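One structure below.
Bear in mind these aren't lab numbers, they're just calculated from the coordinates by the rules spelled out. On a predicted model such as this, the values are computed, not experimentally measured, just so you know. Here the Cβ positions follow ideal geometry from the backbone for every residue, glycine too, while neighbour counts run over all protein chains shown.
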Amino acid sequence: MGLPRDLRLSRFCPHCASPLAERRPPGDGRDRLVCPACGFILYLGLKAAAGTVPVLDGRLVLIRRGVPPGEGLLSFPCGYAEIDETLEECALRETREECGLEVRLEGLLGAYSYPPSVDDGSRVAVIAYAAAVVGGEPVAGDDATEVVLADPAAVPWGDLAFLSARDAIRDRLARGGLTGGPATPPAPGRGSAPPPRRAARRPRGGPPSA
């Protein structure tokens, strides 16, 4: 099995800087990027991202993305996990950075990953938590341009940036405890929802997240 095109972008060995070659190591079942000079094998895997689907005053807290991928569309606050933090710490940090809220995690909603045929090429495993807001104010930061407080009965399904956003919000609605709202997204083209309530915004800062 050959490497997908987007995974061939790593061209040099991180140990000795020699050019990497696509080879199948002995006993392996698929091709890898191998250094012919020192034997180093570069194993490529999914990146981990974590976030929350917070609830504030009975509404779902979403952010409008200000950077690609999904620029201008909605998602829940989420981003890549740093090497020195847990997934839970990542979810709390990203929520604080992107929408200004302190939250309490209320359980795992799900872990979401998709085949390359429907992925945007970033190859991310997204972990989403249910969360209750315990402090802060809903104002946009980091790579978000605004915070949107969406009524559970009027989720803007057609305005969501990612499959993981759709699936995590669906799972949050299925969890219950909110007023109204279907547990599954409507089929494309079926009706329209009233516009969600929008919160304030603040100047962006910090590195982009997933």
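Kindly rank 46-56, 145-155 from highest to lowest mean number of other beta carbons found within 10 Å of each residue.
Numbers: 46-56: 22.7, 145-155: 19.6.
Per-residue mean Cβ counts within 10 Å order the peptides as 46-56, 145-155.
Which of the peptides 61-68, 132-139 is most tightly packed, and how do the rest follow, going by the mean number of other Cβ atoms within 10 Å of each residue?
Numbers: 61-68: 21.1, 132-139: 15.4.
Order by mean packing, descending: 61-68, 132-139.
Between residue 10 and residue 174, what length in nm is gained on full extension when 0.36 nm per residue of separation is reduced by their alpha carbon distance?
Numbers: separation 164, 0.36 × 164 = 59.04 nm, distance 4.07 nm.
Length gained, residue 10 through residue 174: 55.0 nm.
Calculate, for residue 57 and residue 117, the FRET efficiency according to 1/(1 + (r/R0)^6) with r their C-beta to C-beta distance and R0 35 Å; round to the nearest 0.05. Don't jump to the answer; show the numbers that get you there.
On the way: r = 39 Å, r/R0 = 1.12.
E between residue 57 and residue 117, to the nearest 0.05, is 0.35.
What is the extension gain from residue 134 to residue 71, computed as 0.36 nm multiplied by their sequence separation minus the C-alpha to C-alpha distance, in nm to one decimal?
Values: separation 63, 0.36 × 63 = 22.68 nm, distance 2.82 nm.
Between residue 134 and residue 71, full extension yields 19.9 nm more.
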